[in-house]
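Structure first, then comments.
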Amino acid sequence: MAAITYRPTLAHLAVVFALVVTLVAYPFVVDELLSRFGVRAVALAGLASLVLGFVARRGTSIRANGRRDLGISAIALGAGFVTADPRFLLLLPALINLQIYFLCRDSLREDPSIIERMARRLQPRLPEFTRGYCRACTGFWAGFFAANVAVISSLAFFAPISVWRVYTGPVYVTLLSVLGIAEFLCRKIYFRYYADNWFDRRFSAWFPAEATARGRRSAA
C-alpha cells in the first residue's frame, strides 16, 4: 500500500484538542449543564461537537467512515433529545471513545498506522523496524477505547451517576495517563532510539543504546 502523506492542519488539531477537553471535563460539568440548559440543549451541543470531529477528517482517507461514527452518535444523542432522558447524555464520553476506537481500528487497514503517523510527525527519522511495534500499539489503544465504550455505556444505564462520574472522570484520566506513560517508557527502553535533546540525552545515560542489540541497531 502507498504511504499516507496526510498531515493534520492547525484547525484539525484544534478540533481534536476540543474533543479531548470535552472527554476529560464533561463528567465534572454534566450536572451543571443539565440543570442550567436542560437535556435537549445539551444533546444538541454534544451532537455539534461530534460533527466537528467528522469535519476534522476532511482530506483524510478515513473521512467516509466518519459518517458511520456520526450516524451512531446522532442516534444516541437524538434519542436523548427526543426522550429528554439524561442517561443518553451520559453516553457522550462513550461516543468520543468510539470515534477514537474507529480511528485506530481503521488505520490498521492502512499503511502507516495512526500511531506511526504520530510518531513520525514527532521524529521524522523514525527507524523502519519500529513499524510493527507502532501497529501493535495502535491495536492496543483500539482495544482500550473499545473496552471503555462498553464500560461507560453500561454505567450510563445500569449504575448510579456517581459511579459513572468516578469512572469517566478520575479513573479514566488515571488509566489513560498511566498507560500512556508506561507505553512511552517501554518504547524508550525497548528501542533506545534517542534524538538530540536534553530528555533523550538523560535517558540514554540511564539506558544506553549500546547495551542491547536493538539499541545498537537504533543507534546505527
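The numbers here are math on the coordinates, done by the rules we state, and not lab data. In this text, all values refer to a predicted model and were calculated from it rather than measured experimentally. Here Cβ is always computed from backbone atoms with ideal geometry, including for glycine, and neighbour counts include all displayed protein chains.
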Problem - Three principal axis lengths of the stretch 72-155 [C-alpha, angstrom, descending] - result: 53, 21, 19
Fill in the blank from the handout: Full extension between residue 45 and residue 83 adds, at 0.36 nm per residue less the Cα distance, a length in nm of 12.1 nm
Completion exercise
Between the modelled labels at residue 199 and residue 161 (7 Å from Cα along Cα→Cβ) the distance in nm is 3.8
Practice task
Multiply the residue separation of residue 187 and residue 128 by 0.36 nm, subtract the distance between their alpha-carbon atoms, and state the gained length in nm to one decimal.
Solution key: 19.8 nm
Practice task
Once you have the Cα-Cα distance between residue 33 and residue 136, take 0.36 nm times their residue separation minus that, and quote the gain in nm to one decimal.
Solution key: 33.2 nm
Exercise for the section: Work out from phi, with θ = phi - 60° and the Karplus expression 6.51 cos²θ - 1.76 cosθ + 1.60, the ³J(HN,Hα) of each residue of the stretch 134-140, listed in order in whole Hz, and give x for Gly and Pro. Expected result: 4, 5, 5, 5, 4, x, 4
Completion exercise
Taking a ≥ b ≥ c as the square roots of the Cα gyration tensor eigenvalues, with a/c under 1.5 meaning rounded and otherwise prolate when a/b beats b/c or oblate if not, the stretch 132-189 comes out oblate
Exercise for the section: Determine the sum of side-chain charges near residue 152: Lys and Arg each +1, Asp and Glu each -1, restricted to other residues whose C-beta is under 12 angstrom from that of residue 152. Expected result: +2
